[in-house]
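Just so it is clear, none of the values below were taken in a lab; they were calculated from the coordinates. Computed from a predicted structure; not experimentally measured. Note that each Cβ is placed from the backbone with ideal geometry, even for glycine, and that neighbours are counted across all protein chains shown.
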C-alpha cells in the first residue's frame, strides 16, 4: 500500500513537471499531451492523498487502541493494588483489635434477631477464654524469663502484678495466681 | 502519514492551477475566462480572510485552520501558475 502511495506521488510530480518543461507549447500535439499529463497528474495526486489519508486514519485507530489497552492495564494494576492494600488493612485491623471486631459482630448479630444471641455469647466466651489462656501463657513465659535471671518470687510478683510483698489481699491473690501458673506448668 | 496526504492534496492543488494556466493558453477567450475566474477566486479569498470568524463558525472549523487553508490555497495558486509560466 505504501509502495503504491509513493509511486503515485512520484508519478504525479513527474507528470506535472516533465511535460511542461520538456514539450513545446507551440505544437498542438505537445499541448494536448501536456493537458492530458496534467489531468493524469491531478488524478495520481488525489489517489495518493486518499491512500495516505486511509493509512493515517488506520494509524490513529491503532494508536487509540494501544492507548486504551495501556489504560486498561494500568487501571487493572491500580485496582488490584488498591484491593490488596484494603485486604492488608482489614487483616491488620483484625489482628490488632480482635475484641472490638467481635463486639461489632456481636452487635450485628443482635440486630439480626434474638435467635442468634446464644451463638454470639458463645463466641464471646470462647474469645475471652482464648484471651485469658494467652494472658496466662504470656505471664508464665515472663515468669520463666525472670527466674532465669535469678529473680525471687516476691520480685517477680512485684514485676508482673505490681504488688509489693505483704499481707494485703492483692498480694495474696497475686501469689495464688503465681502458684497456680507454676502448678499448671509443672502438671 | 498525515503530512504525506496533506502534501499530496497540496500538489494536486498546484497541478490544478497549472492546468488552469494551460487552459488559459489555449485560446484568448479561455484566457479571459480564466482571468475572470482568478478574479472571482481573489475576491472570495479576500472576503474569507476578512470574515474569518464568521466563516469559521459557518464551516465549523477553527479560525487557525481556516487561515491555514487560505494561505495554502494562495501558495498553491502561486506555485502552480509559477511553474506553468516559467516552463
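Can you find a residue that is surrounded by fewer than 14 Cβ atoms within 10 Å (Cβ to Cβ), within 10 Å of another protein chain (Cβ to nearest Cβ) and over 29 Å from residue B:27 (Cβ atoms) anywhere in the stretch A:24-33? No, every residue in the stretch A:24-33 fails to be surrounded by fewer than 14 Cβ atoms within 10 Å (Cβ to Cβ), within 10 Å of another protein chain (Cβ to nearest Cβ) and over 29 Å from residue B:27 (Cβ atoms). Among the residues of the stretch A:56-96, the one identified as touching a helix residue (DSSP H, G or I) at 6+ places or on another chain (Cβ under 7 Å) and either closer than 12 Å to residue B:5 by Cβ or at the interface with chain B (Cβ under 8 Å from one of its Cβ atoms) (or both) is A:56.
Please pick out the residue among B:3, B:30, B:7 that is surrounded by 13 or more Cβ atoms within 10 Å (Cβ to Cβ), within 14 Å of chain A (Cβ to nearest Cβ) and more than 17 Å from the chain's Cα centre (by Cα). Just a single option satisfies the conditions, and that option is B:30.
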